[in-house]
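The values are calculated or read from the model by the stated rules, or taken from the named source; none is laboratory data. Here the structure is a predicted model, which means the values were calculated and not measured. Heads up, the Cβs are rebuilt from the backbone with ideal geometry, glycines too, and the neighbour counts pull from every protein chain shown. The area values use the complete protein model at the heavy-atom level, side chains included, leaving out ligands, DNA and RNA. Shrake-Rupley method; radii C 1.70, N 1.55, O 1.52, S 1.80 Å.
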Amino acid sequence: MSDYGKRLLSKGMSGADVEELQIRLAGFRGTLPDGEFGPGTELQVTKFQADVMKQSSPSGEADSLTLKAIDEFADRFPIDFSRLKCRCGKCEGFGRGNFKGKYLGNQKVEAFHLYEYPGIHRMLLWAVRAAHFYMPEHRFTFSSGYRCSVDNQQHHRNTTNHCGKAVDLDIKLERGENKQDDLIKCRVVRGKLVELSNAQIGWTAKNRKSLEPDNVAPTWVHYDVRSYEPKYLADRYFCTDLAALNARVPISF
Ligand SMILES: [Zn+2]
Ligand SMILES: [Zn+2]
């Protein structure tokens, strides 16, 4: 992250600045935040240049114009963190960092990890921005963000994805629309996120953003990063406010 904004990024390069680029473009096809600029990252940049910057012959190289356009994109789609905060009334909004390495039951898998991650995963929120961008016909709101262990207790839940790895998006219905319309809208949105953001429905593939299938989440869109390997769920990926999400630095090349 430290060097982001200081050089043009293109295929074959690697580093923390490449990782930062991959995070910011998570909703444009999206790959891993592995810091290696390969064909997947090139596709991310190309899609961003074609779709957001409206370039007719995108280069796939993240030049200064592209990095500035990414900052502008962030400003166009700010994230309302007050909607994401935990509502338990006990924590400050993003848990208390409890239960790292502790699991529900005997299975040491991320789905049962009880850890209260220190905020919400940045890739997920940048990906939500792309959902806003690609689907201006829908008005999205967050219906659920962070839910810490206390909140889970209060609601008798034993799922832990919302401890920083998931958000739920609700789509505002127009006057006269009913639950069936909502179901259809959510289904269409999931399809778009698979197509445009490289998400998957379910959790089978690792290191892919996941959507709950419609039999689990019929009238909302649950989006999560639970299938990421532990190294991509390190504390540094999580944020608790807009400044940390945006991590704005001067573009100086
Ligand atoms: Zn809480
Ligand atoms: Zn959810």
(message) I'd like the full set of residues that are over 16 Å from residue 94 (Cβ atoms) and either open to solvent by 10 Å² or more (accessible area, probe 1.4 Å) or of a type in the set (S, T, N, Q) (or both), limited to the stretch 117-134.
(response) 132, 133, 134
(request) Could you figure out which of (1) free of Cβ contacts under 8 Å to residues at least 24 places away in the same chain; (2) open to solvent by less than 20 Å² (accessible area, probe 1.4 Å); (3) closer than 17 Å to residue 142 by Cβ isn't true of residue 212? (result) (2)
(message) Being farther than 27 Å from residue 190 by Cβ, surrounded by fewer than 20 Cβ atoms within 10 Å (Cβ to Cβ) and either within 19 Å of the chain's Cα centre (by Cα) or within 16 Å of ligand 1 (Cβ to nearest atom) (or both) is true for just one of 105, 101, 35. Which residue is that?
(response) 35
(request) Please find, among 232, 223, the residue that is surrounded by 15 or more Cβ atoms within 10 Å (Cβ to Cβ), in a strand (DSSP E or B) and not acidic (Asp, Glu). (result) 223
(message) I'd like the full set of residues that are over 15 Å from residue 186 (Cβ atoms) and loosely packed, with under 15 Cβ neighbours inside 10 Å, limited to the stretch 135-157.
(response) 136, 153, 154, 155, 156, 157
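Residues checked against (1) away from ligand 1 (no atom under 16 Å from the Cβ); (2) outside the structural domain of residue 99 (by TED's automatic domain parsing); (3) surrounded by 21 or more Cβ atoms within 10 Å (Cβ to Cβ):
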site: 159; (1), (2), (3): no, no, no
site: 166; (1), (2), (3): no, no, yes
site: 170; (1), (2), (3): yes, no, no
site: 174; (1), (2), (3): yes, no, no
site: 178; (1), (2), (3): yes, no, no
site: 195; (1), (2), (3): yes, no, no
site: 203; (1), (2), (3): yes, no, no
(request) Search the stretch 143-158 for residues being part of a loop (DSSP other than H, G, I, E, B) and in contact (Cβ under 8 Å) with a residue 12 or more places away in the chain, and hand back the single one that is nearest to residue 128 (Cα to Cα). (result) 145
(message) Going residue by residue through the stretch 151-160, is there one that turns out to be away from ligand 2 (no atom under 14 Å from the Cβ) and either within 22 Å of the chain's Cα centre (by Cα) or at positive phi (or both)?
(response) yes
(request) Filter the stretch 117-148 down to the residues that are more than 16 Å from ligand 2 (Cβ to nearest atom) and farther than 13 Å from residue 27 by Cβ, then identify the one that is nearest to the chain's Cα centre (by Cα). (result) 119
(message) Suppose we filter 127, 131 for residues that are in a helix (DSSP H, G or I), in the same structural domain as residue 205 (by TED's automatic domain parsing), of a type in the set (Gly, Ala, Ser) and closer than 17 Å to residue 243 by Cα; which single one remains?
(response) 127
(message) Taking the criterion of being open to solvent by 50 Å² or more (accessible area, probe 1.4 Å), in contact with a helix residue (DSSP H, G or I) (Cβ under 8 Å, 6 or more places away or on another chain) and over 24 Å from residue 207 (Cα atoms), would at least one residue in the stretch 8-28 satisfy it?
(response) yes
(message) Residue pairs, Cβ under 8 Å, 6 or more apart or interchain, first in the stretch 67-95 and away from ligand 1 (no atom under 16 Å from the Cβ) and assigned to a loop (DSSP other than H, G, I, E, B), second open to solvent by less than 20 Å² (accessible area, probe 1.4 Å) and of a type in the set (Phe, Trp, Tyr). List them.
(response) 80/142
